[in-house]
Amino acid sequence: YNCTTIKEIKLGGKVKKIGENAFYNCNVKFNTYQNKDLKYLGNDENPYFALIYTVNKNTLSINISPDTRVIADKAFYECYSLEQTALPQNLTAIGNYSFYKCNMMPKIFIPDSVTFLGEGCFLGNSAKKITVGTGITEIPNCCFLNSKNLTELTIKGNIISIGDSAFYNCDNITSFTIPNSVKTLGVNAFNDCDKLETINYSGALDEWVEIKGLQAVTKLNNLKKLLINGSEITNNINLSATVINDYAFYNNQTITNLTLSDSVKEIGEFCFSGCKNLSYVTFGGEITTISANAFNDCSALKSLSIETGILEIKEKAFYNCVGLTNLKMGDKVKIIGNNAFENCSSLENIIFGANVESLGNECFKNCVALPNLNIGD
């Protein structure tokens, strides 16, 4: 920017992104190419390397040069009238907010050659159908936020992450398929998608529980079906994943019996919270900690044996399990966290292990049916 003494600029073939105004007011012939309403950044060998901005923001239809490799940040920013734009087949990158609030056309096809999408690049666009090509591995933050007309989304590639607010307020999406390649879901990725009732994860159950950020899906207010590879989760589930991440089955109403195999080493916060039909749990031998709120509001849970290798029961782990009547803890349990069994109003019998060292604040508060406690030594 304002480097007026630069005489020559050379761009290598691997350059994928050029920021807004990167070469503003440089005294070179580098950024002198203009094609109708579009301004390009280039050189003699590659005159249309990057489309940097739209000269006339009131234009209705634009033909992007087929030689274009990069659409820079905000290139079509607030081109409200733009209705027809086809993305060139050799495109490699679409910059931040590049099509912000563009009407565009009813269908958007992101070519397979595109390997980079910028933050908010299609924010507020009016397209009804969008296809994401095979080159994309990450859907960035706010990518399709406020795309209120979007009804159909096809993801062809191996997406690893879906960013924060990526589909926030996409009012007309009714179902969404999460590819089995996804490892991370961003905060509020699907918030305020008022018609989104079905989520289908294309992988296996043990792959599902290892995704980070599952609350982006499981806490949706209108979610009616969570499908794993096309099928609803069965009553009896046996998990063999290494980690069960936070909110994996939050508020799930189909699970009745849960078996955690010895391969499970960690269960996250709120992972089975609100599973009101869960009545039976078996813990594997490698779990050392029951995380905070892991089983709160599991009202059908009646008898619980916490043995194997569990050392600590964290705060509110079994809060408000109002149906729990019998509790047995093994000798390895040392710490019971704050409010761990608060509001377990049916709890009548507790057998403590020999090595309990600490009872947290109010850990048995409102256990009104409990006649006595024998804590031992």
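The values are calculated or read from the model by the stated rules, or taken from the named source; none is laboratory data. Computed from a predicted model, the values in this text were never measured in an experiment. Backbone-built Cβ (ideal geometry, glycine too); neighbour counts: all protein chains shown. Heavy atoms of the whole protein, side chains included, go into the accessibility calculation; ligands, DNA and RNA do not. Shrake-Rupley method; radii C 1.70, N 1.55, O 1.52, S 1.80 Å.
Filtered by the rule that a residue be more than 17 Å from Val243 (Cβ to Cβ) and polar (S, T, N, Q), the stretch 274-296 gives Asn277, Ser279, Thr282, Asn296. Those strands (runs of 3 or more DSSP E) of the stretch 1-105 in which 1 or more residues are at pLDDT 85 or above and buried (at least 19 other Cβ atoms within 10 Å of the Cβ) occupy 38-41, 50-54, 61-63. Checking the structure you have, find out if any residue of the stretch 180-192 is within 25 Å of Cys79 (Cα to Cα), open to solvent by less than 40 Å² (accessible area, probe 1.4 Å) and in a loop (DSSP other than H, G, I, E, B). No, every residue in the stretch 180-192 fails to be within 25 Å of Cys79 (Cα to Cα), open to solvent by less than 40 Å² (accessible area, probe 1.4 Å) and in a loop (DSSP other than H, G, I, E, B).
For Ser346, the conditions (1) in contact with a strand residue (DSSP E or B) (Cβ under 7 Å, 6 or more places away or on another chain); (2) farther than 12 Å from Ser305 by Cα; (3) of a type outside the set (D, E, K, R) are fulfilled apart from (1). Residues in the stretch 111-127 that are in a loop (DSSP other than H, G, I, E, B) and either of a type in the set (Lys, Arg) or touching a strand residue (DSSP E or B) at 6+ places or on another chain (Cβ under 9 Å) (or both) were compared, and the one that is most open to solvent (accessible area, probe 1.4 Å) is Thr115.
Checked against the criterion of being open to solvent by 50 Å² or more (accessible area, probe 1.4 Å), of a type outside the set (S, T, N, Q) and over 24 Å from Ser345 (Cα atoms), the candidates Glu307, Glu266 yield just one match: Glu266.
Kindly establish whether Ser299 is part of a strand (DSSP E or B) and not aliphatic (A, V, I, L, M). I'd like the intermediate steps shown before the answer.
Numbers: part of a strand (DSSP E or B): no; not aliphatic (A, V, I, L, M): yes.
Considered against the rule, which asks whether it is part of a strand (DSSP E or B) and not aliphatic (A, V, I, L, M), Ser299 comes out as no.
The set of residues in the stretch 193-204 that are open to solvent by 40 Å² or more (accessible area, probe 1.4 Å) and out of contact with any Asp or Glu (no Cβ under 6 Å at 6 or more places or on another chain) comprises Lys195, Glu197, Ser202, Ala204. Checked against the criteria, Leu145 does not count as over 16 Å from the mean Cα position of the chain (by Cα) and surrounded by 22 or more Cβ atoms within 10 Å (Cβ to Cβ). Would it be correct to say that Ser202 is more than 28 Å from Glu152 (Cα to Cα), small (Gly, Ala, Ser) and touching a residue at least 12 places away in the same chain (Cβ under 8 Å)? Here the answer is no, as Ser202 does not meet what is asked.
Within the stretch 147-161, can one find any residue that is of a type in the set (Asp, Glu) and either outside any strand (DSSP E or B) or within 19 Å of Val70 (Cβ to Cβ) (or both)?
Of all residues in the stretch 147-161, those of a type in the set (Asp, Glu) come to 152.
Pick out the ones that are also either outside any strand (DSSP E or B) or within 19 Å of Val70 (Cβ to Cβ) (or both) and you get none.
No: the stretch 147-161 contains no residue that is of a type in the set (Asp, Glu) and either outside any strand (DSSP E or B) or within 19 Å of Val70 (Cβ to Cβ) (or both).
Of all the criteria given as (1) hydrophobic (A, V, I, L, M, F, W, C); (2) surrounded by fewer than 22 Cβ atoms within 10 Å (Cβ to Cβ); (3) outside any loop (DSSP other than H, G, I, E, B), the one not satisfied by Ile108 is (2). Taking the listed residues Asn251, Asn238, Asn277, Asn326, the one that is over 21 Å from the mean Cα position of the chain (by Cα), closer than 24 Å to Asn180 by Cα, modelled with pLDDT of 95 or more and open to solvent by 50 Å² or more (accessible area, probe 1.4 Å) is Asn238, with no other qualifying. Every condition in (1) part of a loop (DSSP other than H, G, I, E, B); (2) surrounded by 21 or more Cβ atoms within 10 Å (Cβ to Cβ); (3) within 20 Å of the chain's Cα centre (by Cα) is met by Ile130 except one, and the failing one is (1). Of the strands (runs of 3 or more DSSP E) entirely within the stretch 195-281, those holding at least 3 residues that are more than 22 Å from Ile306 (Cβ to Cβ) occupy 198-201, 225-228.
At negative phi and at pLDDT below 95: is that true of Gly268 in this structure?
Against the criterion (at negative phi and at pLDDT below 95), Gly268 does not qualify.
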